[in-house]
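The values are calculated or read from the model by the stated rules, or taken from the named source; none is laboratory data. Given the structure is predicted, the values throughout are model-derived calculations rather than measurements. Here the Cβ positions follow ideal geometry from the backbone for every residue, glycine too, while neighbour counts run over all protein chains shown. With ligands, DNA and RNA removed, areas are computed over all heavy atoms of the protein, side chains included. Shrake-Rupley method; radii C 1.70, N 1.55, O 1.52, S 1.80 Å.
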Amino acid sequence: MCDIPVVVANEETVVRALRECHVRKGKLRDNVFRPAAGTDEVSVMRHTYMMSDSCKTKAKEIASGDPNNPYVGFAAITVESVRSVNSEVTDTREEFCGHAHISHGIIVPVDEPLDPGLSLRIRTLNDKARLLIDPTPDAETWTGAQIEIQG
């Protein structure tokens, strides 16, 4: 049973789990909010409900499949910011309670250039997101800066 509301509110903060491949020289790379080829969505966690420690546990679990690309932190963004670029955030609890997708409505083509409109959305989301590097990635709990973004 998942006690999180199905409707994702504008005020919510969602986080994208980051691996080393998502960060370069202390900045988010363009691949953070870029969907995989053949899709229009990226996975996020509903931090407002899951909270920092649960998000970190899940992020480390996800990253554990590739020891050469470890978990390093989060990109935090409000749902309102995502929707401001005409992308959508929807609950996808069938993955796990607290899971959501940011859907851009534009499928990334396989072996073709990225749609200019989608490229602009991705850059804008990167600019609006807050990079939170985990100061203690091996610890079980989140010890970094506050993640939840206030109004």
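Before moving on, here are some points about what is shown:
- Residue match in the range 68-80 (condition: closer than 18 Å to GLU20 by Cα and open to solvent by 40 Å² or more (accessible area, probe 1.4 Å)): yes
- Taking (1) farther than 14 Å from VAL82 by Cα; (2) surrounded by 15 or more Cβ atoms within 10 Å (Cβ to Cβ) in turn, VAL7 satisfies each apart from (2).
- The range 98-121 - residue that is in contact with a helix residue (DSSP H, G or I) (Cβ under 8 Å, 6 or more places away or on another chain) and over 15 Å from VAL32 (Cβ atoms) and, of those, surrounded by the most Cβ atoms within 10 Å (Cβ to Cβ): GLY98
- Taken over the range 122-151, the criterion of being of a type in the set (S, T, N, Q) and open to solvent by 30 Å² or more (accessible area, probe 1.4 Å) is satisfied by THR124, THR136, THR141, THR143, GLN146, GLN150.
- Test: residue in the range 90-99 that is in contact with a strand residue (DSSP E or B) (Cβ under 6 Å, 6 or more places away or on another chain), at pLDDT 95 or above and not in a loop (DSSP other than H, G, I, E, B): yes
- Filter pass, ASN86 being of a type outside the set (A, V, I, L, M), free of Cβ contacts under 8 Å to residues at least 60 places away in the same chain, open to solvent by 30 Å² or more (accessible area, probe 1.4 Å) and at positive phi: yes
- Identity of the residue in the range 46-59, within 15 Å of GLY144 (Cβ to Cβ) and free of Cβ contacts under 8 Å to residues at least 60 places away in the same chain, that ends up most open to solvent (accessible area, probe 1.4 Å): MET51
- Subset of the range 23-35 that is at pLDDT below 95 and open to solvent by less than 60 Å² (accessible area, probe 1.4 Å) - its residue that is farthest from CYS97 (Cα to Cα): GLY26
- The range 45-84 - residue that is under 11 Å from the mean Cα position of the chain (by Cα) and part of a strand (DSSP E or B) and, of those, nearest to VAL32 (Cα to Cα): ALA75
- Filter result for the condition that a residue is hydrophobic (A, V, I, L, M, F, W, C), assigned to a strand (DSSP E or B) and closer than 22 Å to VAL85 by Cα, over ILE122, ILE102: ILE102
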